[in-house]
Every structure is written in C-alpha cells, then in structure tokens.
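What follows is one structure encoded as structure tokens, with my remarks underneath.
The values are calculated or read from the model by the stated rules, or taken from the named source; none is laboratory data. If you're wondering where the values come from, they're calculated on a predicted model, not measured in any experiment. So basically every Cβ, Gly included, is an ideal-geometry build from the backbone, and we count neighbours across all protein chains shown.
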Amino acid sequence: MKKFLRVIAVISLGLALFGGCAWSKHSEGVPQCDGKTMRPGDVCRTIGGGSSTEQTYEEAKQGLQDSIPFDQGLLFGGIAVFTAAVVGVWLIGRRERGRVGV
C-alpha cells in the first residue's frame with residue numbers, strides 16, 4: 001500500500017505541475033498559430049488528416065480562457081491528491097514503526 005501511495009503521489013505531483021504550467025500559459029491569453037502570436041483579426045488555418053480548420057483570433061482567445069478552469073482543476077486536484085498520498089504514506093510508516101516497538 002505504501003508503494004502504491006508513493007506512485008500516486010508522484011503522478012499527482014506531475015499533474016499538478018502540468019496544470020500549473022498550463023494555467024500560467026493560458027492565463028496570459030495570447031493565442032498562437034503555428035508558434036506565432038496572433039493579433040485581432042487573424043485567422044489560423046491548419047491542414048491535417050485530409051481536412052482543414054480555421055480559427056479566428058477571438059475563438060482562439062476564448063479557447064484559452066475556457067481551458068483555465070480545467071488547468072486549475074489539474075493543479076489543485078493534483079495538490080490535494082499529492083497531499084493525501086503523502087499523509088497516507090506518513091501514517092502507514094508511523095503505524096509500522098509503532099508495531100515494531102511492541
């Protein structure tokens with residue numbers, strides 16, 4: 001169980017870091033197209049898989065804003081799970097040390 005909780009702690013810490021980085025990037029609200037910063041009035045055209053899509057600057061900007069709650073969920077959810085896993089490992093270790101002394 002202790003090993004399982006350690007794995008969960010590492011995975012949740014990774015998710016929290018990813019969510020924090022994504023939140024930081026998306027909260028800037030600067031849409032990009034093919035690595036270039038978009039400006040109002042720009043349209044991003046992508047071609048792939050036999051089809052093409054277009055996204056305006058406004059749509060891209062709204063997409064960034066819409067992703068912020070998900071990013072925050074990853075960050076805070078990851079922190080909560082990480083904390084619970086670390087506390088669980090600590091409690092199990094404490095219980096095991098208590099049994100050894102008996």
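Please verify whether Val87 is within 24 Å of the chain's Cα centre (by Cα) and free of Cβ contacts under 8 Å to residues at least 24 places away in the same chain, treating the condition exactly as stated. For Val87, the condition - within 24 Å of the chain's Cα centre (by Cα) and free of Cβ contacts under 8 Å to residues at least 24 places away in the same chain - is met.
Are any residues in the stretch 15-62 hydrophobic (A, V, I, L, M, F, W, C), out of contact with any helix residue (DSSP H, G or I) (no Cβ under 9 Å at 6 or more places or on another chain) and either modelled with pLDDT under 90 or in a loop (DSSP other than H, G, I, E, B) (or both), and if so, which ones?
The answer is Ile47, and nothing else.
Please work out which residue is farthest from Gly19 (Cα to Cα), limiting yourself to the stretch 47-64 and to residues that are exposed (fewer than 12 other Cβ atoms within 10 Å of the Cβ) and not hydrophobic (A, V, I, L, M, F, W, C).
Looking at residues that are exposed (fewer than 12 other Cβ atoms within 10 Å of the Cβ) and not hydrophobic (A, V, I, L, M, F, W, C), I get Gly50.
Might you let me know whether the stretch 70-82 holds any residue that is assigned to a helix (DSSP H, G or I), touching a residue at least 12 places away in the same chain (Cβ under 8 Å) and under 18 Å from Lys2 (Cβ atoms)? Checking the stretch 70-82: at least one residue is assigned to a helix (DSSP H, G or I), touching a residue at least 12 places away in the same chain (Cβ under 8 Å) and under 18 Å from Lys2 (Cβ atoms). Looking at this structure, is Gly73 within 19 Å of the chain's Cα centre (by Cα) and surrounded by 14 or more Cβ atoms within 10 Å (Cβ to Cβ)? It is false that Gly73 is within 19 Å of the chain's Cα centre (by Cα) and surrounded by 14 or more Cβ atoms within 10 Å (Cβ to Cβ).
Scanning the stretch 50-69 for residues that are in contact (Cβ under 8 Å) with a residue 12 or more places away in the chain, of a type in the set (Val, Ile, Thr) and within 16 Å of Asp34 (Cα to Cα) yields one hit, Thr56.
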